[in-house]
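Encoded as structure tokens, the structure appears first; notes follow it.
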Amino acid sequence: MKTIKIAVFGTGFMGRVHTEAARRLGFIEVVGAAGSSLERARAFAERMGIPRAEADYRKFLADPEIDAVHILTPNQLHFPMAKDALLAGKNVVCEKPLGTSVAEGEELVALARKTGLANCTFHNVRMYPQVQNMKAMVEAGEIGEVRVIQGTYSQDWLLYDTDWNWRIEVGPSRTFADIGSHWCDLAEHVTGLRLRSVCADLNTFYKTRKKPKGPVETFAGKTLRPDEYTEVPIETEDFGSMIFRMNNDARGAMTVSQISAGRKNRLVLEIYGTKKGIAWDCERQDELWIGERNEANRIVIKDPALLEPKARPFADLPGGHSEGYDDTFKQIFRRFYARVADRAAAVEYPTFEDGLRQLKVLDRVLESARTQKWVEVSS
Ligand SMILES: NC(=O)c1ccc[n+]([C@@H]2O[C@H](COP(=O)([O-])OP(=O)(O)OC[C@H]3O[C@@H](n4cnc5c(N)ncnc54)[C@H](O)[C@@H]3O)[C@@H](O)[C@H]2O)c1
């Protein structure tokens, strides 16, 4: 396959993970990294063995050799960077959420359609083999008609008022935009249903937090000392909960939290149908729980031989060999770059339209929390 050249925008947690995962395909060359300063971009490029570093991402957009860019920066930069990239004729992988408003998402979807470029919103959780297994089971009618959806996305890395990250200052939502968007995307993707109406409640427990005087990479704040902070007011939510109705009349409830001690990345999705229940926990990603009414429940360990046929292409390793977070990136890139290389290839990854969908859901969640009422979600 022809070598595809890409640049990454953002040199933090996702900068590292995207760079490593894209290289695993073998035909992707990461030729550039853009950071918030030349110094940071250079330090990252040197560490990762990337030949070129820039403080201004537009320099990479002007380079005709670059086929695609990955937008891995704080959320408020997704829209301007993605828009500039599409206008420059680049294929775009953009981290979630796609933007900070529905209007931004709509503009990006329209532009992506007009340019015909490949576009992806990075809802990577879809790509775990057991998630695809759940989806295939629902599609095959194995659990019956979906009646109840429950779950959570809980973390603890912002538990203390001394914990800090740029997410805390980027509105209009933090916890729901950051991790709730993954959960809602997953619930809709796996069930094939749509959220029809929502009733949400959000809370900011810390009205102020201690902001570090220097920049902090995601999840790195736990090691800072108290004399390195300034006290600042906070508006984004630490916690959210939502009850909802799906378009087939199924009902559900979920919570999102970044202050649940001990929960590192607990995304749980439980789906109960008229025949069986199925449940998956991202912290135990190889396991799928299957709930039975009249016989013993089962836990099926990821093994290509035991997955539904439709889920097998998402598992590259034999049973007993775990496939985790990094592998979800590889699975998206494999499909995304197949499409970049050949426009006739199927779109088997989450697109900007999926990103827009979750911006619409988020907008309705915020409206419901503001008015303390049930709110309809447009399709
Ligand atoms: N899909 C997932 O599993 C997942 C996980 C974590 C984060 N994310 C998303 O990825 C994005 C980045 O999150 P992160 O955790 O890597 O954050 P991070 O703080 O670790 O990294 C962000 C990087 O962007 C850089 N940056 C800031 N302004 C810039 C500019 N103008 N030009 C270039 N670079 C700039 C910062 O210097 C930093 O290196 C967010 O949108 C987040 O929602 C997704």
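Which of the strands (runs of 3 or more DSSP E) contained wholly in region 1-116 include at least 1 residues that are away from the ligand (no atom under 15 Å from the Cβ), over 17 Å from T351 (Cα atoms) and modelled with pLDDT of 95 or more? Before the answer, list the steps.
Working: elements: 4-9, 28-34, 52-54, 68-71, 91-94.
Per the criteria, 4-9, 28-34.
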Which number in (1) over 27 Å from Q285 (Cα atoms); (2) in a loop (DSSP other than H, G, I, E, B) marks the one condition that V347 misses? (1)
Return the residues of region 134-192 that are in a helix (DSSP H, G or I) and aliphatic (A, V, I, L, M); say none if nothing qualifies. M134, A136, M137, V138, I168, A177, I179, L186, A187, V190
In this structure, is R335 touching a Pro at 6+ places or on another chain (Cβ under 7 Å) and assigned to a helix (DSSP H, G or I)? no
Output the number of residues of region 52-75 satisfying the condition of being out of contact with any helix residue (DSSP H, G or I) (no Cβ under 9 Å at 6 or more places or on another chain) and within 18 Å of L356 (Cα to Cα). 0
Give region 59-99 a look and list any residue that's of a type in the set (G, A, S) and farther than 21 Å from S37 by Cβ, or say none. A68, A82, A88, G89, G99
Out of (1) surrounded by 18 or more Cβ atoms within 10 Å (Cβ to Cβ); (2) modelled with pLDDT of 95 or more; (3) under 22 Å from V170 (Cβ atoms), the odd one out for D201 is which? (1)
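Given the options V268, V232, name the one that is out of contact with any Lys or Arg (no Cβ under 9 Å at 6 or more places or on another chain) and touching a residue at least 12 places away in the same chain (Cβ under 8 Å).
Details: V232 fails: out of contact with any Lys or Arg (no Cβ under 9 Å at 6 or more places or on another chain).
Of V268, V232, the one residue that is out of contact with any Lys or Arg (no Cβ under 9 Å at 6 or more places or on another chain) and touching a residue at least 12 places away in the same chain (Cβ under 8 Å) is V268.
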In region 283-332, which residues are of a type in the set (A, V, I, L, M) and not in a helix (DSSP H, G or I)? L288, I290, A296, I299, V300, I301, L307, A315, L317
Since E235 meets every condition but one in (1) closer than 16 Å to V268 by Cα; (2) part of a loop (DSSP other than H, G, I, E, B); (3) among the charged types (D, E, K, R), which condition does it not meet? (1)
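Can you find, within region 135-185, the residue that is nearest to the ligand (Cβ to nearest atom) among those that are basic (K, R) and farther than 20 Å from W289 by Cβ? Let's see the steps before the verdict.
From region 135-185, those basic (K, R) are 135, 147, 167, 174; that's our starting set.
With farther than 20 Å from W289 by Cβ added as a condition, the list becomes 167, 174.
Details: R167: 7, R174: 10 Å.
Filtering first and then ranking leaves R167.
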Of the residues that make up region 158-181, is at least one of a type outside the set (A, V, I, L, M), crowded, with 19+ Cβ neighbours inside 10 Å and more than 23 Å from G12 (Cβ to Cβ)? no
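Looking at the structure I just gave you, is Y337 in contact (Cβ under 8 Å) with a residue 40 or more places away in the chain and either within 16 Å of the ligand (Cβ to nearest atom) or more than 24 Å from K5 (Cα to Cα) (or both)?
On the way: in contact (Cβ under 8 Å) with a residue 40 or more places away in the chain: yes; either within 16 Å of the ligand (Cβ to nearest atom) or more than 24 Å from K5 (Cα to Cα) (or both): no.
No: the conditions fail for Y337.
Quick one: which residue in D316, D281, D227 is buried (at least 17 other Cβ atoms within 10 Å of the Cβ) and either free of Cβ contacts under 8 Å to residues at least 40 places away in the same chain or not assigned by TED's automatic domain parsing to the domain that holds T175 (or both)?
Numbers: D316 fails: buried (at least 17 other Cβ atoms within 10 Å of the Cβ); D227 fails: buried (at least 17 other Cβ atoms within 10 Å of the Cβ).
Just a single option satisfies the conditions, and that option is D281.
The values are calculated or read from the model by the stated rules, or taken from the named source; none is laboratory data. Keep in mind that what you see is a predicted model, and the values were worked out from it rather than measured. Heads up, the Cβs are rebuilt from the backbone with ideal geometry, glycines too, and the neighbour counts pull from every protein chain shown.
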